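First the structure, in the form of structure tokens, and then the observations on it.
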């Protein structure tokens, strides 16, 4: 469903709304990630054990595990607290099937925080058997996961407003302190776990441009002032937070000028440019945000090389 767009083709007329949460359909036991490359990138700064679940739409025993094993409370609890579960559809990621040597479905692989394979199991397992497999892997890898400090001060993005609700519904809703994700040095809070899962599956889609700084004051005065979700602008599939109504009107008067700083390298792949001087255009659906700047890549291989050492490619 498309959210409310813009007034005069640019401006999102968001209003402060008190939105209550309505639980219609039953919440899933936990939420799958789908972008392994992004999960591996996050694990460099926030180490987690990674659970890869290879599945296929035609696989009978995959469907049995979906229905009987994964929703079981002990498995779901372990998934939510100790793992990053990543669902890999065999039809869509033949490259990962080949990389991990998966020849049978379902296959479960546990990776350590660096992405190295630690354990795997093939075929259907009962809920008790599968729980034992996960528990054994977690117990042996636990020393690799540092304790997560609760009181480390982190800047809260967007004043704590949920970015997913803002983009998808045009509503400003306060996120919950216990439902949060760190990305590019900022903490994002979410209305509910479903919104958090959508953000984690595709962060670039929901991140405010330039780390939420007002694009007008950045361009006109080189002043990094925080924007305000009440004065948001959605332009070319990107969210910009202006600091006040006057700044929002300035953005609307010349959007290309103010949006220019959001895309790094003028849209050319920083890996290709730094490696051999080639100017290769990236694509929007293969991008990465680093220090508030979005970079586009022609494919996931170049994006992964960038993630491994971004300072080598950023100019």
Study note, to complete from the structure: Of the residues in the range 119-130, those that are touching a residue at least 60 places away in the same chain (Cβ under 8 Å) and crowded, with 16+ Cβ neighbours inside 10 Å come to 124, 125, 130
Check your understanding: If you check residue 276 against the conditions, is it out of contact with any helix residue (DSSP H, G or I) (no Cβ under 7 Å at 6 or more places or on another chain), over 23 Å from residue 186 (Cα atoms) and modelled with pLDDT of 85 or more?
Key -> no
**Study point:** Count of residues meeting criterion [on the phi > 0 side of the Ramachandran plot and surrounded by fewer than 22 Cβ atoms within 10 Å (Cβ to Cβ)] in the range 212-248
**Key:** 3
Study note, to complete from the structure: Among the residues of the range 173-194, the number that are closer than 19 Å to residue 46 by Cα and assigned to a strand (DSSP E or B) is 12
Check your understanding: Filtering the range 205-229 down to residues that are under 11 Å from residue 239 (Cα atoms) and part of a helix (DSSP H, G or I), which residue is farthest from the chain's Cα centre (by Cα)?
Key -> 215
Exercise for review: Spot the failing condition for residue 205; the list is (1) modelled with pLDDT of 90 or more; (2) assigned by TED's automatic domain parsing to the domain that holds residue 174, and only one is missed.
Suggested key: (1)
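The values are calculated or read from the model by the stated rules, or taken from the named source; none is laboratory data. Bear in mind the structure is a predicted one, so any value in this text is a computation, not a measurement. All Cβ positions, glycine included, derive from the backbone under ideal geometry; neighbour counts span all protein chains shown.
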